[in-house]
Every structure is written in C-alpha cells, then in structure tokens.
Amino acid sequence: MTLEKNIEDILDRVERAAIASNRNPEEVKLIAVTKTVDIDIMKRAIEYGIVHVGENKVQELVRKYEAIGPVVKWHLIGHLQRNKVKYIIDKVDLIHSLDSYRLAEEIDKRAKEINRVVECLLQVNVSGEESKYGISVKGAKELLKEIVTLNNVKIVGLMTMAPHVENQEETRQYFSALKTLSEEISEIGLENVEMKYLSMGMSNDFEIAIEEGASLIRVGSSIFGERDYSK
C-alpha cells in the first residue's frame, strides 16, 4: 500500500473503532510516529492530512522541526532527560513522557524563561514492567499534587505503553486501568490538572485502545512501514 492509502486506512479504522464504541471519531487524534522516517516522506504524509507528529528523541525532533516548522503539532513521546528540555521547550506542543517532579521542575523553569505554559501528559507505567519508564499507578496522584505547584507546566492527561504481547486483547486491561486512573484523578479536582487526553495504543493495538477511551494514538509502522534502524 502507498503512504496515502496507509493513512486513509488508519483513519478509516479509527473511525470504525470509535463508532463501534459509541464515541465521536473526532475525539481521537492520530499521531504519526516518525522515528527513522525521512523528512521528505514526512512532508508527503503532511500533504496527505497528517496533523500530529510524534518523535521519540529530542535530537530528531529538533532536526525535523527545523526542516518542517510549526505546520504540524509536535509531540515528544519518548523518554525525556532533564538536560535536553531546553532544546525542545519552544518547539513541542505536547510532552507525553513527564514522569518525575524533577523533570517537571526543569520543564517549568525553561518554559518560564520563554513565558510559556507547556502542556504535558503524565507517563504511567501501568504494567509495572521494569524496562518501561513512567510513574507507578499508586504514585501518580501524589506526583500530580506536587506538579500542580508549578505555574508553567499544565497536566492535560495521561500516557502509557502496553506490553508487547502476541494476543493484543491482553493489552485491554492496561488501557482500561489508565482510563480508570484518569477518572479517579478527575474526581480529586486538582487545580491546573485536566484529564483531557489519554495517549495509548500503537500500530498493533490502537483499536483496542480506542475502545477503552484513547484520545491520542501513536501509530508509526502501519503508516510508514517497518522501521529501518540502520538510519
């Protein structure tokens, strides 16, 4: 399939999954994950309707931003080190991987320097896998209570990564748990915290994620094909 057909296919599947779950398809935003994807291919994807772009690495986001600019919404979806916040603070529309108060402090500091409030998602390690980043489900609420004291960081939702499993139906429990956590956080009513987004679901399981309430899905290989990690 061509790039344009791939995008059309994903958008069609998003629509069908949303309707089947009695949801408005417009509630679900497709983030095209452009890890290892060449800039010229990204530009073609944008021509075909891609509005949101997700990058895992700061260095790659900066390089591609300089070539493409703010014609799309830029999402930093990978692990973010404190010493690299300064490079993306004026470029990124949403940070998906906030998982500690020290990182929130750095984002707040850098955002204050440019008079900006940066929207972030709290990354939650729902599965408890040691190989994954993110705050634990139990620690999420307490961390949010600390972060709300920062004026230039706004939490607008949660993000999680499900484990890689053969039977994709097994991922449902993790997406459901994140949805439950977001509802519990909403009930607390923390100032400056809004459970607007749930970022969950990738190429292999985004339909299940949509059924469980995802509003941001991160899709790469189903759009651009298998990754060439030699790049």
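The values are calculated or read from the model by the stated rules, or taken from the named source; none is laboratory data. Computed from a prediction, not measured in an experiment: that's the story for all the values here. Heads up, the Cβs are rebuilt from the backbone with ideal geometry, glycines too, and the neighbour counts pull from every protein chain shown. Remember, those area values only see protein heavy atoms, side chains included, never the ligands or the DNA or RNA. Shrake-Rupley method; radii C 1.70, N 1.55, O 1.52, S 1.80 Å.
Say whether the condition of being modelled with pLDDT of 95 or more and touching a Leu at 6+ places or on another chain (Cβ under 9 Å) is met by at least one residue in the range 160-172. Within the range 160-172, one or more residues are modelled with pLDDT of 95 or more and touching a Leu at 6+ places or on another chain (Cβ under 9 Å).
Checking E187, E207 one by one, the residue that is in a helix (DSSP H, G or I) and either in contact (Cβ under 8 Å) with a residue 24 or more places away in the chain or open to solvent by less than 40 Å² (accessible area, probe 1.4 Å) (or both) is E207 and no other.
Sort out which residues of the range 164-184 are farther than 20 Å from I31 by Cβ, open to solvent by 10 Å² or more (accessible area, probe 1.4 Å) and out of contact with any Pro (no Cβ under 9 Å at 6 or more places or on another chain), and write them in order of number.
Taking the range 164-184 as the starting set, the residues that turn out to be farther than 20 Å from I31 by Cβ are 165-167, 169-170, 172-173, 176-177, 180-181, 183-184.
Right, trim to open to solvent by 10 Å² or more (accessible area, probe 1.4 Å) and you get 165-167, 169-170, 172-173, 176-177, 180, 183-184.
The answer is V165, E166, N167, E169, R172, Q173, S176, A177, T180, E183, E184.
Only residues that are on the phi > 0 side of the Ramachandran plot and either among the hydrophobic types (A, V, I, L, M, F, W, C) or open to solvent by 40 Å² or more (accessible area, probe 1.4 Å) (or both): list them for the range 30-66, please. Scanning the range 30-66 gives a single hit, G49.
Candidates K154, K145: the one that is at pLDDT 95 or above, of a type in the set (K, R) and closer than 20 Å to S199 by Cβ is K154. Filtering the range 140-155 for residues that are of a type in the set (G, A, S), surrounded by 14 or more Cβ atoms within 10 Å (Cβ to Cβ) and touching a residue at least 24 places away in the same chain (Cβ under 8 Å) leaves a non-empty set. Does K132 satisfy the criteria of being under 15 Å from the mean Cα position of the chain (by Cα), modelled with pLDDT under 95 and open to solvent by 30 Å² or more (accessible area, probe 1.4 Å)? Considered against the rule, which asks whether it is under 15 Å from the mean Cα position of the chain (by Cα), modelled with pLDDT under 95 and open to solvent by 30 Å² or more (accessible area, probe 1.4 Å), K132 comes out as yes. If you take the residues in the range 213-227 that are of a type in the set (A, V, I, L, M) and under 16 Å from K5 (Cβ atoms), which one is farthest from the chain's Cα centre (by Cα)? Taking the candidates together, the pick is I223.
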